[in-house]
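Structure first, then comments.
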Amino acid sequence: MKVLFINPWQKTLFGDEKARPGHPHLGLAYLVAVLKKAGHSCAVFDQGLENDDDLLFRRLHDWQPDLVGITSFSFSIDYAADLIRRIKEVSDVPVIIGGAHVSAVRERVLEETVADFAMYGECETAILDFLVQLGGERDFAKVPNLIRRTEECGLVANPATAMISELDDLPYPDFEAFEFERYNYYSAKALPIITSRGCPYKCNYCSVKLSMGRGFRKRNPESIVDEMEFWKKRYGIRRFEVNDDCFSLDLKRAEAICDLIIERKLGITYEMYNGIRADRVSEVLLRKMKASGCVFVSFGCESGDQEIVYNMGKKLKLEDVRNAVELTRKVGIRNSVNFIVGHRNETFEAFQRTLDFAASLPTDFVNFYNLVPYPGTEVYEWMKAEARQLIPDQEFLSRIGSRNFEPVYETDEFPRADRIRAMELGNALYEKTVLIYRFGRVAGTLAYLVSRNRTLFTIGRKLALDNPIGFFIYSKVTAASRR
């Protein structure tokens with residue numbers, strides 16, 4: 001069968017703009033690879049890359065796919081819903097929507113959109129079953145993970161299939177279907193890669209478990225390094241973004257990955273912006289990461305108040321964060337630490353402790369994010385039951401990003417005005433430290449002073465990240481920060 005996958009417009013973390021994608025969508029790349037291996041024909045349209053919806057509808061008309069598949073995060077569901085509506089106005093092709101948002105809201109996504117079907121969770125095997133039924137007897141009750149419309153029972157979510165236990169059985173993601181030479185990351189010879197899926201921890205703000213489950217499923221070191229070598233030989237890729245949630249959960253496996261990269265003399269670099277657990281590192285591992293090409297690691301701390309860290313279910317000691325940062329600095333890997341503003345039981349005084357803790361860490365820069373309560377998380381349920389929601393669901397999902405200062409909810413202990421002030425203070429520390437990290441102390445400090453003008457900051461950010469020429473210049477200027 002012929003399947004057209006569409007990656008709709010996405011928003012920036014600031015929540016207020018359309019963002020040009022830096023690299024192909026990794027989840028769609030896996031789906032394309034699986035379907036092609038099974039004999040299906042696939043094409044991909046990346047709305048943020050093409051920026052030409054007339055081209056999309058011409059392609060839809062000319063290619064005549066049997067199915068259109070669309071992915072969406074919660075903060076971009078409005079773009080996806082609008083696109084699906086326009087497709088259904090001109091074509092009777094069935095449309096299925098998947099992605100993190102579907103995994104969070106399940107049946108509700110078919111109320112939010114006019115899609116014919118939706119699919120939640122991990123979809124590589126379920127979509128194969130769906131295509132069998134779509135081209136055959138159309139008994140969609142047999143398809144795991146499928147959400148469907150029925151005359152008898154309304155919206156129905158079928159039971160889920162088991163998560164894929166052997167990730168090495170999956171083919172490499174098919175980036176070539178995206179014409180990935182046109183993405184900014186290609187000019188930097190960079191690609192995303194995963195070495196594992198799932199996270200066993202129970203942080204109350206995190207929605208990863210809804211899509212990938214709580215179990216930690218890992219690829220073998222040989223498979224991971226084989227893939228790196230494949231992309232290097234095929235396209236000269238020399239830089240990888242590791243998108244795991246728990247890369248170092250198994251310390252011995254993490255060390256083995258490093259050992260293989262060193263043994264094969266790959267000569268690549270890699271970064272871990274997704275972050276690794278501060279209590280799952282050792283000096284031995286960090287030295288091997290450095291020797292194998294790791295140039296950046298991010299640590300999630302979320303709060304500088306130990307009680308709040310425990311209350312969010314993170315089970316992390318602040319002393320472990322400081323130790324991890326000091327060790328990472330000692331071995332020569334650049335690093336950052338992430339914090340979130342707006343936790344349950346947080347107060348402005350508790351945030352001040354977080355700010356002080358962040359400023360005291362010997363890290364390269366710190367991130368401060370606005371806590372956005374995505375559907376399906378424990379924080380979302382707590383907000384509905386105990387906090388005062390300030391912005392309705394559909395509005396905050398379409399407008400509020402994690403870099404946005406506006407809180408979705410407030411409490412008596414941490415009212416809206418205090419939340420905004422906290423984000424302003426945290427963001428000022430972030431911008432000062434990250435600009436010095438990117439451009440050096442003198443130029444970075446000057447850039448920070450200029451960035452106090454939000455209009456100039458926004459213009460600079462768009463030129464650096466959304467414009468191919470601007471991205472190329474930005475990559476060259478900041479190359480030293482990735483060594």
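Rule-based calculations on the coordinates, nothing more; no lab input. Being a predicted model, the structure only gives us computed values, none of them experimental. Note that we place each Cβ from the backbone using ideal geometry, even for glycine, and neighbour counts take in every protein chain shown.
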query: For the Cα atoms of the chain, what angle does the longest principal axis make with the long axis of helix 318-331, in degrees from 0 to 90, nearest 10?
result: 80 degrees
- prompt: In the chain, which longest range has no GluC sites (Glu not before Pro) that are both DSSP loop (not H, G, I, E or B) and surrounded by at most 10 other Cβ atoms within 10 Å?
  reply: 167-483
task: Lys and Arg at +1, Asp and Glu at -1: add these up for the other residues within a Cβ distance under 15 Å of residue 386 and post the number.
output: -3
task: Please list the non-local residues whose amide H lies under 5 Å from the amide H of residue 298, H modeled 1.01 Å from N, same-chain partners needing a gap of 5 or more.
output: 272, 275, 276, 336
field: Taking 40, 343 and counting other C-beta atoms within 10 Å, the order from fewest to most
entry: 40, 343
- prompt: Taking a ≥ b ≥ c as the square roots of the eigenvalues of the Cα gyration tensor of the range 117-180, is the shape rounded (a/c under 1.5), prolate (a/b larger than b/c) or oblate?
  reply: prolate
field: Summed side-chain charge close to residue 85 - residues other than residue 85 whose Cβ falls under 13 Å, Lys, Arg +1, Asp, Glu -1
entry: -4
statement: In degrees rounded to 10, the 0-90 angle between helix 53-63 Cα long axis and the longest Cα principal axis of the chain is 40 degrees
Violating pairs (Cα-Cα greater than 28 angstrom) within the set 2/232; 218/288; 189/314; 265/330: 2/232; 189/314
field: Fewest-first ranking of 445, 71, 269, using other Cβ atoms within 10 Å as the exposure measure
entry: 445, 269, 71
field: Cysteines in the chain that, by Cβ-Cβ distance, have no pairing candidate under 4.7 Å
entry: 42, 123, 153, 199, 246, 258, 294, 301
Estimated dipole of the range 137-183 in Debye, rounded to 20 [Cβ of Lys and Arg +1, of Asp and Glu -1, Cα centre]: 380 debye
C-alpha long axis of helix 26-37 to longest principal axis of the chain, angle in °: 40 degrees
- prompt: Tally Lys/Arg at +1 and Asp/Glu at -1 over every other residue whose Cβ is under 12 Å from the Cβ of residue 209; what's the total?
  reply: 0
task: Only helical DSSP H runs with n ≥ 4 go in: add -39500 (n - 2.57) per run for the chain, normalise by residue count and round the 222 nm mean residue ellipticity to 500 deg cm²/dmol.
output: -13000 deg cm²/dmol
field: Pairs from 11/88; 202/384; 252/317; 209/432; 209/315 whose Cα-Cα separation, in the structure shown, is over 28 Å
entry: 209/432
statement: Low-density loop trypsin sites (Lys or Arg not before Pro), the range 229-311, at most 12 other Cβ within 10 Å, DSSP non-H/G/I/E/B, are 265
- request: About the Cα centre of the chain, how large is the charge dipole given +1 on each Lys and Arg Cβ and -1 on each Asp and Glu Cβ? Please answer in debye to the nearest 20.
  value: 1900 debye
message: Roughly how far apart, in whole Å, are the Cα centres of the range 321-361 and the range 175-252?
response: 25 Å
- prompt: Which percent, to the nearest 5, of DSSP beta bridges fully inside the chain are antiparallel?
  reply: 25 percent
